[in-house]
Amino acid sequence: MHAPYDVWRKNAFGKSHTKYIDRKFRRFNKDHAVTLEKVSGDEIEDAINYVQQQRKGRFDGDPIQEDFVLKFYTRVAKNSGLKYIARTYQLMADGQRAGVVFGLIKDKRYHYLLIGCDYDQFGKHSPGLIMYDLIMADWLSEGGDIFDFTIGDEPFKASFGTKPTQMYEILKAGSPLGKLARIFMKLKTQMNTSS
């Protein structure tokens, strides 16, 4: 990303997607007073709980539905002393939470991890797409360079000008049992690719 954001987004998103998001935002803002806020302090736990609630039943095997995962993300979101600093944003509509995005910051890169939106009430306005756009603008205004959508190849990501990158996994076995598990994983991978 580079400044000015409006010029960059038009080139990265394309004219059609840029107009789509602008139209969605104008309509949303016409019906409600829409603001993007950074969440801090005591509100963080409530915001991460909101993500869990909004995602319930939407994604099969969603890890955030597990209490220990919820507690982990909440702890990370609250802890600003980590090497990776967490940032949580919320989209407000007339003072009511319409969506929350949680991510990590390393250097000048924002690593998006979780989103939860009230699609029952605000879905027609595409709150998630609006949040990504507003967060990118905010991140750039603070000197950030990259909004990283992290893992997953969901089609909506391409409309934000993303470029796929190769992922790698590095395994090192530290025990005999670990070495045996690594051999098993290698054989399983070979069997899957030969099928």
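The values are calculated or read from the model by the stated rules, or taken from the named source; none is laboratory data. Predicted model, so just to flag it, every value in this text is computed and none were measured. Cβ coordinates were reconstructed from backbone atoms using ideal geometry, including for glycine residues, and neighbour counts include every protein chain displayed.
Structure notes:
- Residues that are part of a helix (DSSP H, G or I) and surrounded by fewer than 12 Cβ atoms within 10 Å (Cβ to Cβ) within region 1-10 comprise D6, V7, listed in sequence order.
- Region 59-89: number of residues that are touching a Gly at 6+ places or on another chain (Cβ under 9 Å) and not in a helix (DSSP H, G or I): 4
- With respect to (1) surrounded by 17 or more Cβ atoms within 10 Å (Cβ to Cβ); (2) more than 15 Å from M136 (Cα to Cα), the lone exception for F13 is condition (2).
- A count restricted to region 28-46 and to residues that are surrounded by fewer than 14 Cβ atoms within 10 Å (Cβ to Cβ), of a type outside the set (D, E) and assigned to a helix (DSSP H, G or I) stands at 1.
- Test: G57 is of a type outside the set (S, T, Y), on the phi > 0 side of the Ramachandran plot and modelled with pLDDT of 85 or more: yes
- Matching helices (runs of 4 or more DSSP H) fully within region 103-195 where at least 3 residues are modelled with pLDDT of 75 or more: 119-122, 127-141, 176-194
- Scanning region 116-158 for residues that are basic (K, R) and within 16 Å of the chain's Cα centre (by Cα) turns up just one, K157.
- Single match in G103, G128 (criterion: crowded, with 22+ Cβ neighbours inside 10 Å and either within 21 Å of K163 (Cα to Cα) or among the hydroxyl-bearing types (S, T, Y) (or both)): G103
- Number of residues in region 50-84 that are free of Cβ contacts under 8 Å to residues at least 24 places away in the same chain and crowded, with 16+ Cβ neighbours inside 10 Å equals 1.
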